[in-house]
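The values are calculated or read from the model by the stated rules, or taken from the named source; none is laboratory data. Source: prediction; values computed, not measured. Glycine gets a Cβ as well: all are built from the backbone with ideal geometry, and neighbour counts include every protein chain shown. Heads up: the accessible areas ignore ligands, DNA and RNA and are worked out on the full protein's heavy atoms, side chains in. Shrake-Rupley method; radii C 1.70, N 1.55, O 1.52, S 1.80 Å.
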Amino acid sequence: MVNMSPNERITVNEISILFFIIPLILFGFFGYLNIYAIILESLSIILSFIFLFISNINIETKKINYEEIFIITGFIMVFATITFLPLYIYYKIIILTGISAFFIYMIYKFRNNSIYSGFERLRNPVLIYTIITLVTFSGIILANIFIKYGIGDEYIIDSYASMKFLSGKNPYIPENMSGLFSYFSNFNLDYSTPIMTGGYVHIMDYPALAFIVYLPYKYIGRFSYTIISGLSIIPFILIYKSIENKKLALFAMMSLLINIPFLYVSYAALIGILWASMLMISYYYINKNIGLSGIFFGLAVSAKQFPAIIFPFMLYMIYRESGLKAAAKWVSFIIMVFLLINGYFIYLSPVHYIKAVLAPEILDIYGIGYGISQISFLGYAYIPKLFFSIAFFGSIILFLILYIMRYDEFKYALFVFPVLIMFFNYRVLLQYFTYWPIISIIGLESVPYARKIRIDLKTVKRVSTYAFSILLVLIIVFIPVNILHENTVHFDSLSLERGDNSTFIYVTVTYTGKVPTEILFRGIINQTNYNGIIFNENKTIVYPGETVTIKLMPVRGEKIPSNFVVRMVAYYKNNLGYSNYMVKNNKVYRISDLLYIPPQNKLSLNPIQP
């Protein structure tokens, strides 16, 4: 048993980042309609959590060659990506042969030496770090300015809210935001957030800093997004400042360069880069200046709700390291900054403000993304959304108890827990995981490597038994729930009608519920779009025992391919029924096999969603 060196911990951190990227690749090729890909996505996220956890805990581990794991994982990712790309077989063979030779050489080269050994031989790591940082940062800014990217509804909501604020209106009152889609009439509704009762999210549902940073939008338009992209330099600076060994800092900086989701959200100027940068600065100052740490945490939680997850963990760390007085001071600075930014809107309408910031959890919106929630919103099993809310908040409590009980071992793992916590959220997007490895890496050099602590195996067995017992109880509860649950909408048939520029879908359904209800439809296809096909808002009221035929058209009027597989979902507030169809040469076939693997479609790595 040995303690991990700083460079080993950084290597393991980078392995976890690779496992975060795998779900993006899988979804890009297979979309939602492949149960095996969904299982692999979930396992990849869990493995990423495990590696990230190992890199941050203060315990002895077995001697493992993490460099080989890193190289092999990277090889599998690249090999799989090239294999599924729509290239001629001869090109694939040539490329895959070259890639295989390169990775075999890498394994041979580092069989006895670490990857970090190459960095140790560098003579001027500071100059190299500076050059790479400036080149990467310049590339992000230029890409933001000149390369077109999909605009998610986060952009238009925040931008519109800033304009409403400048015109003297409170953006947290829904009526003031009702003109959102009229103002942005060219917005692609594929990137919207549909509501389970019809329509799309148009309310301001983030704390105030999220739209305040877009105040320049009224004057400089989309170039205001470049200001957000500019924040991407902060992680580069903080890694350099927090790691004294500059060769090690250069090695740690590689974690930013291989973190494709981070590079994407930086260039696409998602608001996540704002809260993550502020949280990272707060963590950097946690032992240096408690007041500054509180100020930047207040800024982070004023931009988005995610930092609230880590609040109790950071609070306990400060209490253990610096005492109750320092913890109280930290909290007071957070409250001061938060109220300075949000207090005005809370004063204007506290009910509207509270409803708005809680909307992401309480609003009935589409389930999308990665993680185990796919089993629910795709209809593989009946699991109510309430289950995921309980699992989400319950996991925060359980991890906090574990953190308090085993603080000495898990002190630096506080930014690891949100990975598994977010995994239980109903909407799980890749950028929810992107920032935690980056934030945690600035503390890896501080883990006390000389101190050797062993985990009590009895404690591990006891905790594992409790966790398994809870899982077993949930399985026992949900098996009869699934057996007894019956869909109230049954699909009888589906047919197509093609026009010159659009396609209409006719669905015939029978409703067996006990009370009348409205009904809407969603089409899940393997075109790697998070929302699937969004149909027009022709709400139909159906009555018990009634059979109706409903005409559907994609909301943007686009033409549907001649060959595709679709999982039709009937819903209103909750999912009401499902059916699978395959369209081949415009002929419709019903599919009864739930584990049917549809043909793969073009690769799309566009993770734009708030």
**Study point:** Extension gain from Ile46 to Glu486, taking 0.36 nm per residue of separation minus the Cα-Cα distance
**Key:** 155.2 nm
Practice item. Can you send over the carbon and sulfur percentage of the accessible area for segment 363-412, probe radius 1.4 Å, protein chains only? Key: 77
Practice item. State the Cα centre-to-centre distance between segment 371-432 and segment 259-302 in whole Å. Key: 21
Check your understanding: With labels modelled as points extended 7 Å from the Cα through the Cβ direction, what inter-label distance (nm, one decimal) is found for Val548 paired with Val351?
Key -> 3.2
**Study point:** R0 of 41 Å, Cβ-Cβ distance Ile401-Asn287: FRET efficiency to nearest 0.05
**Key:** 0.95
Check your understanding: Excluding ligands and nucleic acids, what accessible area in Å² is computed for Tyr530 using a 1.4 Å probe, to the nearest 10?
Key -> 10
Check your understanding: To the nearest 0.05, what FRET efficiency results for Asn245 and Ile72 with a Förster distance of 25 Å applied to their C-beta separation?
Key -> 0.40
Review point. Any idea how far apart Tyr589 and Glu175 come out in nm if each label point goes 7 Å out from Cα toward Cβ?
Key: 5.5
Exercise for review: Report the percentage of all Cα-Cα pairs in segment 193-326 whose separation exceeds 20 Å, rounded to a whole percent.
Suggested key: 57
**Study point:** Spin-label proximity, Ser332 to segment 278-298 - amide N less than 14 Å from point 7 Å beyond Cα toward beta carbon
**Key:** 290-292, 294-295
Practice item. Counting other Cβ atoms within 10 Å, keep those with at most 10, restrict to DSSP loop, and tell me which trypsin sites (Lys or Arg not before Pro) in segment 247-342 are left. Key: Lys288
Review point. What FRET efficiency would be calculated for the residue pair Tyr319, Ser5, taking the C-beta separation as r and a Förster radius of 30 Å, to the nearest 0.05?
Key: 0.50
**Study point:** Debye intensity ratio I(q)/I(0), log10, segment 269-418, q values 0.11, 0.15, 0.21 Å⁻¹ (C-alpha model)
**Key:** -0.52, -0.92, -1.35
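Can you pull the percent of segment 172-257's accessible area that's carbon plus sulfur, 1.4 Å probe, other chains left in place?
On segment 172-257, the fraction of accessible area on carbon and sulfur atoms equals 61 percent.
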Study note, to complete from the structure: Regression test value, accessible area per residue of segment 210-276, probe 1.4 Å, units Å², expected 31
Check your understanding: Trp275 accessible area, nearest 10 Å², 1.4 Å probe?
Key -> 0
